[in-house]
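Input: a single structure, listed below in structure tokens.
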Amino acid sequence: MVTEEFQADRTYDHVYLVFIDTAGYSTIVLSNPRDRAAHAFDLLRERMRTRLAQLAAERRCARSGVWSWRGDGGFFAVHDDSESVARDVALEAAKTFLTLDLIHLRDEFARAGVGGELHLRMAVHKGTIQHTGEGRTGTIHSPDINLAAHLEKATPRDCLAISEDVYRTAGPYAEQFTPVGSHEGKHVYLMAGDGGPQQAARAWLASRGLGGSTTVHAYPERPSSEEKARLLDAASEEVLDMGTALRTSSGRLVTTERPARYRDAVLGLLRRGGIYSCFLLDPSSDAAATLSRQYQEDMTRKIKDSLERFGRFKERYGAEAEGLRVYQTDEFPGFSALAVDVRRPDGLILYSSYLMGTSPYGVIERGDMPHYLISPAAGPVFGRIRELAEARGTTGHVKRVL
């Protein structure tokens, strides 16, 4: 075992760290009895251990083996006084496992009746480690282990990533890897298991995005009333609800269906002293007339219906609904938004841009457009959307009507 070969209280240079993780872990766990899933992951570990041991024996590598395994993945340490030997063992093992052993493992899983999909992420980094001799697990002290673990997490599924440190000494293996970007200040090079350099580049972009990207949660259409109610439940001070007619929001406030989850969330906000500010178009504005032509619908009627529903809600709940404020504006917003405590450092905005195109079935409904949930972690994206949302209440002709 590797912990018997690495000597205590000794520092090793140019140790190759091979990380492997099961990207399809949840599908296998959910699709199989616990013992069958455990056997599947044991098989994965054994196949990788066997591959590494075979290559280490062929190349007479001094130290190699499983260092840590946590059920669905782990890492292997490879070291030899001749760095090129350790490099060849680590890279050949990782490449062969991704391009050959993974295919055979999938066949074995199928024959054994293991349900779910098997996908892997692999990463190789090298660095200096110190073995402390304190037991068998967690006895390496090295920031390079953290970097390798993080690189593996950033790797697209069914791909092998290597750091720039490995790439610089990769020798004949270098041409099999494509430069795709950077991670934690290190250039990253990628190999796709069943494709060429373009596929590797696409896989990285699909997983990591372009440079300068921020965290955004995307939804193919308007989230359900249950999900939007969860946003309101998280509000402490104010919710801004912005759209053209707010037909859906106003309808949820007076619905006779049970449970009335969205209405309960609004009432909860109001009862704890929060403000629910709604902005919709002035039915007599040029913007409302333009939208009526674009969508071939009576926008004026829809807006007036929403105002009537807001009025009914306020009349029914009286003093409890004092925090409901409804405004009309003649400015076309260009997007809808449900913004929660946007001036707080943990504010949230759910928004959707109005796409004015058509589909084969007619004009695209606003609820069918992509929606995005952002927080201040999105940086300038959050700041810009917040500015646009807040400008709705200050630009053009704004009038409080309820």
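The values are calculated or read from the model by the stated rules, or taken from the named source; none is laboratory data. Values in this document were obtained by computation on a predicted structure and should not be read as measured data. Here Cβ is always computed from backbone atoms with ideal geometry, including for glycine, and neighbour counts include all displayed protein chains. Remember, those area values only see protein heavy atoms, side chains included, never the ligands or the DNA or RNA. Shrake-Rupley method; radii C 1.70, N 1.55, O 1.52, S 1.80 Å.
For segment 244-278 versus segment 140-164, the spacing of their alpha-carbon centroids is 47 Å. Listed values for segment 272-278 are Karplus-derived 3J(HN,Hα) couplings in whole Hz (6.51 cos²θ - 1.76 cosθ + 1.60, θ = phi - 60°), namely 9, x, x, 10, 10, 9, 10, and x replaces Gly and Pro.
Approximating the spin labels as points 7 Å out from Cα along Cα→Cβ, the E390-to-E108 distance works out to 5.9 nm.
Within segment 150-258, the GluC sites (Glu not before Pro) that combine a DSSP coil assignment with at most 15 other C-beta atoms in a 10 angstrom radius are E184, E221, E237, E257. Using heavy atoms of the protein chains and a probe of 1.4 Å, the accessible area assigned to H371 is about 10 Å².
Distance between the pseudo-spin-label points of A234 and R47 (7 Å out from Cα toward the beta carbon): 3.9 nm. Extending 7 Å from the Cα toward the beta-carbon at both R168 and R316 defines two label points whose distance is 6.9 nm. In order along segment 166-173, phi translates into HN-Hα couplings of 6, 4, 5, 10, 6, x, x, 7 Hz, rounded to whole numbers, per the Karplus curve 6.51 cos²θ - 1.76 cosθ + 1.60 with θ = phi - 60° and x for Gly and Pro.
Using a probe of 1.4 Å, the accessible surface attributed to D264 totals some 90 Å² when neighbouring protein chains are kept in position. Segment 27-88 and segment 102-126 have their alpha-carbon centroids 13 Å apart. For A23, the residues whose modelled amide H falls within less than 5 Å of its own, excluding neighbours fewer than 5 places apart on the same chain, are H119, L120, R121. How high is the FRET efficiency from H397 to L205, r the C-beta distance, R0 51 Å, rounded to 0.05? Efficiency at R0 = 51 Å is approximately 0.70. Three semi-axes describe the equivalent ellipsoid of the chain; taken as square roots of 5 times the Cα gyration tensor eigenvalues and ordered largest first, they are 57, 21, 21 Å. Accessible surface of W204, taken over heavy atoms with a 1.4 Å probe and every protein chain present, rounds to 10 Å². Sorting R111, R208, R366 on solvent-accessible area from highest to lowest, probe radius 1.4 Å, gives R111, R208, R366.
Per residue, the Cα convex hull of segment 218-400 amounts to 118 Å³. Taken one residue at a time, the phi angles of segment 114-130 give Karplus couplings (6.51, -1.76, 1.60, θ = phi - 60°) of 7, x, x, 10, 9, 9, 10, 10, 9, 8, 10, 9, 10, x, 9, 10, 10 Hz. Gly and Pro are set to x.
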